[in-house]
Amino acid sequence: MQQYDPHAIEPRWQAFWEQSGASNMRSDVNDVNGSPLPNYYALEMFPYPSGDIHMGHVRNYTIGDVISRYKRMCGFNVLHPIGWDSFGLPAENAAIKQGSSPAAWTYENINKQRASLKRLGFSYDWSRTTITSDVDYYRWGQWIFLKLLKMGLVERRNSPVNWCPDCATVLANEQVVGDGVCWRCKSVVQRKELEQWFFKITNYADELLQDLDTLSGWPARVRQMQANWIGKSVGAEVDFCFCKDDDSDACGIANSDTNACGIANENANANTCDGKFFSTASLKSNLEKITVFTTRPDTLFGCSFFLLAPEHPLVRELVCGTKYESDVVKVIESAAAATAVERSSGLREKNGAFTGCYVINPINGAKLPVWVADYILMDYGTGAVMAVPSGDQRDFEFARKYGLPIPPVVISKDDELYSKLAEERQLSITDVSWSEAYAGDGILVQSAQFTGMRGGKDSEGAKAIVAWLEERGLGRSAINFRLRDWLISRQRYWGNPIPVIYCEKCGIVPVPEEELPVRLPLDIDVTKGENLSSRPDFYQTTCPCCLAPARRETDTMDTFTCSSWYYLRYTDPHNSKLPFAREAVDNWMPVDQYIGGIEHAILHLLYSRFFTKALRDAGLLGFSEPFKNLLTQGMVKLNGEVMSKSKGNVVAPEDMISCYGADALRVYILFMAPPDKDLEWSQEGLEGIYRFLTRVWRIVHDLVGGACEDTLYAHHADSKTDEQQKDKAKDIAAATLQRERHRVVGKVSSDIERFNFNTAIAACMELVNAASDYLHLVHPQERLQNTAVNLRDIEVAETIVKLLAPMAPHMAEELWHGVLGHSAEESVLDETWPKFDPSLAVASEIEIVIQLNGKLKTKMMISKDASEDEMRNQALIAIANELEQLKAENKQVRKLVVVPAKLVNVVVN
RNA sequence: GGGAGCGUGGCGGAAUUGGCAUACGCAGUGGACUUAAAAUCCACCGCCGCAAGGCUUGAGGGUUCGAGUCCCUCCGCUCCUACCA
């Protein structure tokens, strides 16, 4: 027997798989009935080529490879592709640092990673490799951009955006993470007002949210995160009219003749915006009304002041030249200066200033002071808020700080004010003694004809008030989303050029489809700070409409646009007429199993869902969700810390392969933890797996018959002195091995289906242990001389090899061909997954447990088919002594609980 | 503040529906083999106890014949999210 030497075996089988196309799709193969094989699309998130692969990749791709190989052996036609997400900023930074070009750096890393992936023996269909920075790929990204533009899903507009000063580019909302820092370089993001390109993902907000319910194969956590990100709120819009009153009280409290929390006056309300209150003379914008969004229209009577975000465009206009200007500007400036660090401090004190202006509460005509407040966000809702201090903690704190009234409007039945306000309908309480706001459900008070109704989100009172507003055109029910449109333009070189042209006469003109691709010039010298806007030969062009000189867009697309549809291209990677043929995508999609890191829970996974829906509406494909099942794998850590180059705590996959081989690394990473949990690296653990593989190697050899001279096993057998005992032990070991073979096949199959690779491997170890026990007792000559026994042993060996084939494929091939002597052309991958007989997976005699009042008393052997009566009777005999004793204490058997083939519980009292 | 999840030996972890808690492995201890070491093989390996036996899944309570698993309260840890009107 040769020693197990992964370094001799592995390159040989990698070459074999590549030459024979063993991992490619099998569209031409039929099943035994002549029908085409069912499809299975297994996909792992493709890598970004930043240096060589790391352990996270190994884990991700090993999981995907096991699933692919397993499904293939189960008779599926498996699509298992790989590619590279190769546009992006790190390439530019690395090129600047090394004095090379982004393209050179990128493709060098791709080659390095490709070699490593091959060294790990992953079963990719290399003929479908897709690299996003290849013009054959990105041209179709441009094509899709134009398609979405035509559909009205792309927009160029002025907007407050996130600017990363280090990356010198704008970022999407999703790319601002943690305490408001850039997702990539972690520098603090600034807010800027710029004209940029957006994908209108908000058009799909509702569908993106609703369809999460159809994704039962996704982790609940990811669905929850997406739902939170989309952030749907149901409520109402309410229109407030401006009222500029120069005589008003400077402190902002309503005049005594205007009841701030007054009862609705039907007559006055019908026309609150008459000349009496309303004067827009000094408002340049001539704005008459301002709309707010609220989730609590039921609290409208409790609105005692009105708030604007510091960034609200109206604010400066309102205070310009007034005595309020300096205080308001202070608030604006301090809010603008507040960095993300301050914003995240949680218990930040709220600051604001009175603007000198008033609005009219449409429900009761109350005159409300308009304040600017730094806790109002410009990019949520309308940037204006109706403040209800009794019902919202933030408004409450603000009101207390600035002495604004806090009239109760929705109160709990437990509140001492309840009887007075809700039952006796007493009115005019402008302040509460509460220490905090009451945001829960309750009863409406001080709300005119609505008093006494139930209040709360979507309550009777809320509906009635919205209906009242709707009738008069003063408000309407509304839904608001937290999701913003996706900002996709980047002021960077190494990306997909946005295919539009700016013409002085014609405006924004899309590049005509036949002129695609807009090629990214490769000779740009980023080390000299060049980018597309420093290259006239790139941007100088003529307008496709009027042929006048025009300028190309020099921004590129966010790299996330590239990764939003690569999984579609894999189904038809060489199509030169379209990004993909509809037939191909509809045949393969949605992806049956997608595997990747949780860090993409929102970014990539949300964008891809949006792309799928948009492309569906473009008629390019016929499904609504890209990924049917999603597995988010945990991280690989060392001493509790994420491995990273900057920390210098990286365990390099290449080093581990050089030492123990790819199979050991693969099996180790599967065995150490369930795939969705973090994995703590342990060198001893890897060595243990290497030992296990060595053991498998030897035991498979020995089962087949090569152990004649090996005395390892005989030694143990000889130590048994009693011949009869020895024979009995042999029989038991042989029977156990057969039973284990059936049990373990069942266990490994269901474990792989459920991605419990760690327990699948544990089960394989149990089978190997059973085989080892058997080999210790039965001498090789004894086994080889009996043909039936030898065949049975070979069957066990084949089972072990097949069960391990998805996880340790190189060793499996070597044993399959070398020791088990199968044909040289056929990969073990093309063998069928082993079957098992559940009835042979249990012994005829099984051990059951006898409990007394739920406590384990004894165990006994009983036939596996024993009836409940039989179990009951046997159990009573087994604990007869105890029962006798208890009888003496006047206790008797009250109940017998029988769980077939498991236990009997005797209940005595 | 809000949301999600987790808590089992010295360590990684197992226990699919409520039914023998600690599978499998790592580390450790003893032994065989060896001139010796490594490798390999065998045995032991939750805690207390000399033993019989008792105790044990973060703590406490509940439901149940029976709870690591279900319910309630508390403690601890992790992740996400954060002034979302």
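The values are calculated or read from the model by the stated rules, or taken from the named source; none is laboratory data. Nothing here was measured: the structure is a model prediction, and the numbers come from that model. Please note: Cβ atoms are built from the backbone with ideal geometry, for glycine as well, and neighbour counts cover all protein chains shown.
Of all residues in the stretch A:1-40, which are small (Gly, Ala, Ser), on the phi < 0 side of the Ramachandran plot and assigned to a loop (DSSP other than H, G, I, E, B)?
A:22, A:23, A:27, A:35
Among the residues of the stretch A:696-706, which ones are part of a helix (DSSP H, G or I) and touching a Leu at 6+ places or on another chain (Cβ under 6 Å)?
Of everything in the stretch A:696-706, those that are part of a helix (DSSP H, G or I) and touching a Leu at 6+ places or on another chain (Cβ under 6 Å) turn out to be A:700, A:702.
Does residue A:596 satisfy being under 25 Å from residue A:114 (Cβ atoms) and in contact with a helix residue (DSSP H, G or I) (Cβ under 7 Å, 6 or more places away or on another chain)? Before you say what the answer is, go through the steps one by one.
Numbers: under 25 Å from residue A:114 (Cβ atoms): yes; in contact with a helix residue (DSSP H, G or I) (Cβ under 7 Å, 6 or more places away or on another chain): yes.
Spelling it out, residue A:596 is indeed under 25 Å from residue A:114 (Cβ atoms) and in contact with a helix residue (DSSP H, G or I) (Cβ under 7 Å, 6 or more places away or on another chain).
If residue A:411 passes every condition in (1) under 41 Å from the mean Cα position of the chain (by Cα); (2) away from RNA strand B (no atom under 16 Å from the Cβ); (3) aliphatic (A, V, I, L, M); (4) closer than 17 Å to residue A:237 by Cα but one, which one does it miss?
Residue A:411 satisfies all of (1) under 41 Å from the mean Cα position of the chain (by Cα); (2) away from RNA strand B (no atom under 16 Å from the Cβ); (3) aliphatic (A, V, I, L, M); (4) closer than 17 Å to residue A:237 by Cα except (4).
Determine whether residue A:906 is in contact (Cβ under 8 Å) with a residue 40 or more places away in the chain, touching a helix residue (DSSP H, G or I) at 6+ places or on another chain (Cβ under 9 Å) and either hydrophobic (A, V, I, L, M, F, W, C) or part of a strand (DSSP E or B) (or both).
yes
Rundown of residues vs (1) closer than 27 Å to residue A:198 by Cβ; (2) free of Cβ contacts under 8 Å to residues at least 12 places away in the same chain, yes/no style:
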residue	(1), (2)
A:588	no, no
A:598	yes, no
A:623	yes, no
A:655	no, yes
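Quick check, is residue A:788 more than 46 Å from the chain's Cα centre (by Cα) and away from RNA strand B (no atom under 16 Å from the Cβ)?
Criteria met by residue A:788.
Can you list residue pairs whose Cβ atoms sit under 8 Å apart, with the first residue in the stretch A:525-538 being more than 18 Å from residue A:498 (Cβ to Cβ) and the second being surrounded by fewer than 14 Cβ atoms within 10 Å (Cβ to Cβ) and small (Gly, Ala, Ser)? Count only pairs 6 or more apart in sequence or on different chains.
A:527/A:99
With the structure loaded, tell me whether residue A:790 is surrounded by fewer than 18 Cβ atoms within 10 Å (Cβ to Cβ) and touching a helix residue (DSSP H, G or I) at 6+ places or on another chain (Cβ under 9 Å) or whether it fails that test. Spell out the reasoning first.
Working: surrounded by fewer than 18 Cβ atoms within 10 Å (Cβ to Cβ): yes; touching a helix residue (DSSP H, G or I) at 6+ places or on another chain (Cβ under 9 Å): yes.
Against the criterion (surrounded by fewer than 18 Cβ atoms within 10 Å (Cβ to Cβ) and touching a helix residue (DSSP H, G or I) at 6+ places or on another chain (Cβ under 9 Å)), residue A:790 qualifies.
Would you be able to tell me the number of residues in the stretch A:183-196 that are within 13 Å of RNA strand B (Cβ to nearest atom) and either touching a Cys at 6+ places or on another chain (Cβ under 6 Å) or in a strand (DSSP E or B) (or both)?
Here is the first cut: in the stretch A:183-196, the ones within 13 Å of RNA strand B (Cβ to nearest atom) are A:183, A:186, A:189, A:191.
Then keep just the ones that are either touching a Cys at 6+ places or on another chain (Cβ under 6 Å) or in a strand (DSSP E or B) (or both); that gives A:189, A:191.
Residues in the stretch A:183-196 being within 13 Å of RNA strand B (Cβ to nearest atom) and either touching a Cys at 6+ places or on another chain (Cβ under 6 Å) or in a strand (DSSP E or B) (or both): 2 in total.
Looking at A:88, A:141, A:121, A:83, can you tell me which residue is surrounded by 19 or more Cβ atoms within 10 Å (Cβ to Cβ) and in contact with a Cys (Cβ under 8 Å, 6 or more places away or on another chain)?
Every option except A:141 fails the conditions.
Exactly one condition in (1) at pLDDT 95 or above; (2) under 30 Å from residue A:24 (Cβ atoms) is false for residue A:559; which is it?
Looking at each condition in turn, residue A:559 falls short on (1).
May I ask you to say which residue of A:812, A:805, A:875, A:866 is within 18 Å of residue A:897 (Cβ to Cβ) and more than 13 Å from RNA strand B (Cβ to nearest atom)?
Sole residue among the options that is within 18 Å of residue A:897 (Cβ to Cβ) and more than 13 Å from RNA strand B (Cβ to nearest atom): A:866.
List, please: which pairs have Cβ atoms under 6 Å, are six or more places apart or on different chains, and start with a residue in the stretch A:560-577 that is touching a residue at least 40 places away in the same chain (Cβ under 8 Å) and end with one that is basic (Lys, Arg)?
A:570/A:128; A:573/A:128
Of the conditions (1) in contact (Cβ under 8 Å) with a residue 60 or more places away in the chain; (2) part of a helix (DSSP H, G or I), residue A:160 fails just one. Which one is it?
Condition (2) is where residue A:160 drops out.
Looking at the stretch A:741-785 only, could you name the residues that are touching a residue at least 12 places away in the same chain (Cβ under 8 Å), more than 11 Å from RNA strand B (Cβ to nearest atom) and not basic (Lys, Arg)?
Across the stretch A:741-785, the qualifying residues are A:742, A:745, A:752, A:778, A:779, A:780, A:781, A:784.
Pick out the one residue from A:847, A:884, A:798 that is surrounded by fewer than 16 Cβ atoms within 10 Å (Cβ to Cβ) and outside any strand (DSSP E or B).
Within the list A:847, A:884, A:798, the selection yields A:884.
Just the residues that are in a loop (DSSP other than H, G, I, E, B) and either near RNA strand B (Cβ under 7 Å from one of its atoms) or surrounded by fewer than 18 Cβ atoms within 10 Å (Cβ to Cβ) (or both), please, taken from the stretch A:663-695.
A:672, A:673, A:674, A:676, A:677, A:678, A:682
Tell me, yes or no, whether the stretch A:314-321 has at least one residue that is among the β-branched types (Val, Ile, Thr) and near RNA strand B (Cβ under 9 Å from one of its atoms).
no
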